[in-house]
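Participant: Right, I'll just put the structure down here and ask away after.
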Amino acid sequence: MPYPEDLVLPMREELTRHGFEELRAADAADRFFADASRGTSLLVINSTCGCSAGNARPAVARAVATGCAPDRRATVFAGQDLEATARVREYLVGIPPSSPFIAVLEEGEPVLVLERHHIKGRPVDAITADLVQAFRHLAGEDVEMPRSGASGPGPDWQVPPAFRSIL
């Protein structure tokens, strides 16, 4: 059963006010991924959890405010937009369901994927830096992507396994 709309509305608006298209139905997700096959895209699976509120949404907002964000931005709300969330996950073959979730896509392929366990407990600035580095790379800038420990929560932190080498 979906969350009540009045509960999630302020959480939705944290992204829509930054130019995110809401994917509220399966056909909207299909259109997004068809369009994502060209250019660059940013996809956020939003949620009501604390790590979404305290880490994911603020990091995404800061990253897109830099002005180097991908061509298109979309969000789907897990626990609310059930059909659309399920369809989005069908497109993310090999990536386990997660919310919150952030993906930077190039020509429809994930370049950077941040799952819940890559978001929870990490500083907003570190998540923002990962996103901005990916955006800058997609814009053709020569940037060094973090290899290990550079923006993680501790000395043993490694770049997420879904962080495809984009150098």
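Participant: Helix 124-138 versus the longest principal axis of the chain: what is the Cα-based angle in degrees, 0 to 90, to the nearest 10?
Facilitator: Its long axis makes an angle of about 80 degrees.
Participant: At 0.36 nm per residue, minus the direct Cα-Cα distance, what do Asp6 and Val143 gain on full extension? Give it in nm, one decimal, please.
Facilitator: Contour length minus the Cα-Cα distance gives 45.2 nm.
Participant: Enumerate the amide H contacts of Gly39 below 5 Å, restricted to partners 5 or more residues apart or on another chain; note that Pro and chain-start residues carry no placed amide H.
Facilitator: Placed amide hydrogens put Glu107 under 5 Å from Gly39.
Participant: Among (1) -0.38, -0.68; (2) -0.32, -0.65; (3) -0.42, -0.76, only one was calculated for this model; which label is it, if the read-out is log10 I(q)/I(0) by the Debye sum over Cα atoms at q = 0.10, 0.14 Å⁻¹?
Facilitator: Checked against the structure: label (2).
Participant: If you plug each phi of segment 29-38 into the Karplus form 6.51 cos²θ - 1.76 cosθ + 1.60 with θ = phi - 60°, what whole-Hz ³J(HN,Hα) values come out, in order, with x for Gly and Pro?
Facilitator: Each residue of segment 29-38 in turn: 5, 4, 5, 4, 5, 5, 5, 5, 5, 10 Hz.
Participant: Taking every DSSP beta bridge with both residues inside segment 5-138, roughly what % is antiparallel (nearest 5)?
Facilitator: Looking only at bridges with both residues in segment 5-138, the antiparallel portion is about 60 percent.
Participant: Compute the FRET efficiency between Arg17 and Thr66 as 1/(1 + (r/R0)^6), taking r as their Cβ-Cβ distance and R0 = 25 Å, and round to the nearest 0.05.
Facilitator: Approximately 0.95, to the nearest 0.05.
Participant: Residue by residue through segment 116-123, which ³J(HN,Hα) values in whole Hz follow from phi under the Karplus form 6.51 cos²θ - 1.76 cosθ + 1.60 (θ = phi - 60°), with glycine and proline marked x?
Facilitator: Rounded to whole hertz, the list is 3, 6, 8, 9, 4, x, 8, x.
Values quoted throughout were computed directly from the atomic coordinates according to the rules given, and no laboratory measurement underlies them. The structure displayed is predicted, hence computed values, not measured ones. Ideal geometry is used to build each Cβ from the backbone, glycine not excepted, and the neighbour counts take in all protein chains shown.
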